[in-house]
Amino acid sequence: MQDRNFYKSVLDFITDESFQRWVREKEDLSNWEEWTLENTERAKLVAEARQWILAMRVDEESVSNQETQEALFLTWSKIRKSNSSSRITRLFQANIFRAAAAVLVIGLVTAGIYTKFSFSETNVTPLNQYVVQGDSNGLIEQINNTDKPQLITLSDASSILLQPKSKLSYPKNFKGSDRKVYLSGEAFFEISKDPNKPFMVYANETVTKVFGTSFRIVAYSNQPRVEVLVRTGKVKVSGIQKSLANASNEVTLYPNQAARFERKNQVFEKILDLTRDESLLQSAKSIERLNFEFRDIPVSQIFATIEQAYLVSIDFPMEKLKECYLTTSLIDEPLPEKLKIICASLGNNTRYEMNGNQIKIISNGCK
């Protein structure tokens with residue numbers, strides 16, 4: 001087997017037995033996690049290969065070897081053209097690809113549209129939906145190796161608080177009909193509203209889909225479950241294998257609700273009242289506890305609340321703003337939007353500049 005440092009395609013990864021064990025059994029004897037983090041360019045291929053393997057988890061004895069090989073050949077030729085006949089031969093010998101064909105056959109039989117050894121272009125669409133597509137500009141991977149949360153602002157003005165020992169992969173600019181990011185660890189999301197472009201967070205075996213809301217995801221690779229907690233808005237959480245298994249494996253959450261996803265059994269537990277779950281209450285961060293409804297409040301106090309919530313530092317002209325009071329709602333708004341609302345309310349050429357966790361307010365005072 002070739003050195004993994006020379007892997008250039010998804011096929012290289014998913015035919016690597018140690019990579020399969022890392023993804024499916026959390027066995028990391030080859031230090032895949034550490035190797036992936038060494039180079040951000042690897043993130044795209046690793047993420048895509050990982051989703052393939054997770055989507056292909058099926059009993060390979062559920063259909064005959066002849067059926068799986070024939071189905072795989074016909075289907076794979078429509079998904080991805082290969083110029084190497086030796087590569088295709090090697091694919092048939094890999095258990096992971098027998099499982100892939102089994103997934104397709106079972107899914108299509110269930111839907112009542114499978115004819116033996118016959119696949120159309122529409123037949124392969126469900127599987128494609130669960131393959132992570134690479135962004136043309138590549139992915140930026142931010143890793144928090146500190147002991148404090150890190151603030152990330154995305155190109156759509158969404159803000160994310162990434163917790164220690166966590167990483168987030170995201171494109172420099174969102175393109176296409178959706179906004180996709182990939183999380184390993186824990187983060188609090190405040191998503192800018194765009195009803196025409198859903199925001200999707202891939203975390204272990206789950207996908208969280210929103211259009212504009214705030215929520216927390218806990219999804220460490222070495223933990224048995226994924227947790228999603230909603231502060232504002234509406235969130236839909238699905239198991240990655242939902243479409244492939246033709247099963248209803250998703251939950252819809254509203255404010256102060258949560259879901260736990262058991263990775264081994266691929267099932268959800270829905271928590272309708274966060275106040276009755278002691279572990280979830282204790283794990284809540286400052287940003288989830290603070291109130292962003294302000295009524296005739298000094299702007300200096302509003303800045304102090306933002307500093308506490310986001311662990312940022314705000315430099316503002318105290319003398320010029322000491323008599324400024326605001327009545328405003330900053331609930332369900334990402335940090336950049338919060339700052340825009342404050343500056344617009346103050347007027348008088350007030351604006352802000354942000355550099356990482358440092359924010360500077362430039363103002364001549366309030367109106």
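Details
- Only one entry of ILE331, ILE297, ILE306 meets the criterion of being more than 17 Å from LEU161 (Cα to Cα), surrounded by 12 or more Cβ atoms within 10 Å (Cβ to Cβ), of a type in the set (A, V, I, L, M) and modelled with pLDDT under 95, and that entry is ILE297.
- Some residue of the stretch 188-206 being closer than 27 Å to TRP52 by Cβ, touching a helix residue (DSSP H, G or I) at 6+ places or on another chain (Cβ under 6 Å) and not acidic (Asp, Glu): no
- Qualifying positions in the stretch 14-29 - in contact (Cβ under 8 Å) with a residue 12 or more places away in the chain and either aliphatic (A, V, I, L, M) or farther than 25 Å from ARG225 by Cα (or both): ILE14, THR15, ASP16, VAL23
- Only a single criterion out of (1) among the small types (Gly, Ala, Ser); (2) closer than 15 Å to VAL230 by Cα; (3) open to solvent by 20 Å² or more (accessible area, probe 1.4 Å) is not satisfied by SER313, namely (2).
- Where ARG216 falls short, out of the listed (1) among the basic types (Lys, Arg); (2) touching a helix residue (DSSP H, G or I) at 6+ places or on another chain (Cβ under 8 Å); (3) free of Cβ contacts under 8 Å to residues at least 24 places away in the same chain: (3)
- Top-ranked residue in the stretch 205-215 [being open to solvent by less than 10 Å² (accessible area, probe 1.4 Å) and more than 19 Å from GLU337 (Cα to Cα); ranked as modelled with the highest pLDDT]: THR208
- Residues of the stretch 183-201 satisfying the condition of being farther than 25 Å from ILE341 by Cβ and surrounded by fewer than 22 Cβ atoms within 10 Å (Cβ to Cβ): GLY185, MET200
- Hey, VAL299 more than 15 Å from ILE341 (Cα to Cα) and of a type in the set (A, V, I, L, M, F, W, C) or not: no
- Pairs, first under 19 Å from GLN150 (Cα atoms) and of a type in the set (Gly, Ala, Ser) in the stretch 190-207, second open to solvent by 10 Å² or more (accessible area, probe 1.4 Å) and part of a loop (DSSP other than H, G, I, E, B), C-beta under 7 Å, six or more apart: SER192/ASP156; SER192/ALA157; SER192/GLY212
The values are calculated or read from the model by the stated rules, or taken from the named source; none is laboratory data. Owing to the predicted nature of the structure, the values given are computational and were not obtained by experimental measurement. Neighbour counts run over all protein chains shown; Cβ positions are idealised from the backbone, glycine included. The area values use the complete protein model at the heavy-atom level, side chains included, leaving out ligands, DNA and RNA. Shrake-Rupley method; radii C 1.70, N 1.55, O 1.52, S 1.80 Å.
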